[in-house]
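Undergrad: Handing you this structure, nothing more for now.
Laboratory data are not the source of any read-out in this text; all were calculated from the coordinates shown. Everything numeric here is computed off the predicted structure, so don't read it as measured data.
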Amino acid sequence: MSRRRLRPDELELWQQIARSTDPLHKRGRHWSDPPQKQARAEPQAKPDPAPVQPFTLGQAAPARHATQPMPQPTGKWLEAQPKRMDSKAYTRLKRGKLAPEARIDLHGLTLDEAHPRLISFILRGQSRGLRLVLVITGKGRREDPYEPMPDRRGVLKRQVPLWLRQAPVAQAVLQIAPAHIRHGGEGAYYVYLKKRR
């Protein structure tokens with residue numbers, strides 16, 4: 001089915017209306033010509049991607065921009081967090097002198113299994129009046145340097161501190177710290193809970 005052309009009187013009426021209107025946007029179309037006579041805009045060519053800079057094997061990677069900081073290991077990130085508990089108690093905690101009152105072992109669980117168990121454990125612990133609990137995540141499998149596809153290792157180890165800083169458990173957690181070697185070392189976290197009000 002073909003479109004019919006505008007008659008001369010319709011074209012004149014269209015041009016009068018088009019001249020009497022204000023565009024919605026400053027860069028809107030100007031309809032002085034009838035719509036069927038508008039020329040189609042040519043698609044703009046995409047710019048060529050930046051060329052890959054030459055490199056040699058073993059060469060150091062270029063420095064990253066300040067807007068792209070290198071991701072820190074979880075332990076260093078936790079160390080940089082402000083101390084919210086008593087300094088003396090924190091020192092005893094870091095030396096493994098404080099014994100956890102309860103523990104949960106998430107080692108070997110999937111993220112979907114571990115998250116609700118952790119939330120329930122922390123909230124129950126605070127409601128029971130516990131102050132120090134131990135969350136065991138495991139260290140994660142060792143990375144195989146010869147593996148062809150990269151694999152995320154130690155997902156729970158990285159994810160648990162983030163979960164503990166989010167609702168609904170963030171209001172119950174006072175401090176998170178990597179565990180002393182006698183309580184699991186790199187594969188566990190101390191979680192110091194706030195007093196229940």
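Undergrad: Cross-link list Lys157/Lys195; Lys94/Lys139; Lys97/Lys157: which exceed 21 angstrom alpha carbon to alpha carbon?
TA: Table pairs above 21 Å Cα-Cα are Lys157/Lys195; Lys97/Lys157.
Undergrad: Follow-up. Given the convex hull over the Cα atoms of segment 77-143, what projected area results after averaging over all orientations, in nm²?
TA: Directional mean of the projected Cα hull area for segment 77-143 stands at 6.0 nm².
Undergrad: Rounded to a whole number of µm²/s, how large is the Stokes-Einstein D of segment 150-197 at 10 °C and 1.306 mPa s, given Rh as the Kirkwood radius over C-alpha pairs?
TA: 134
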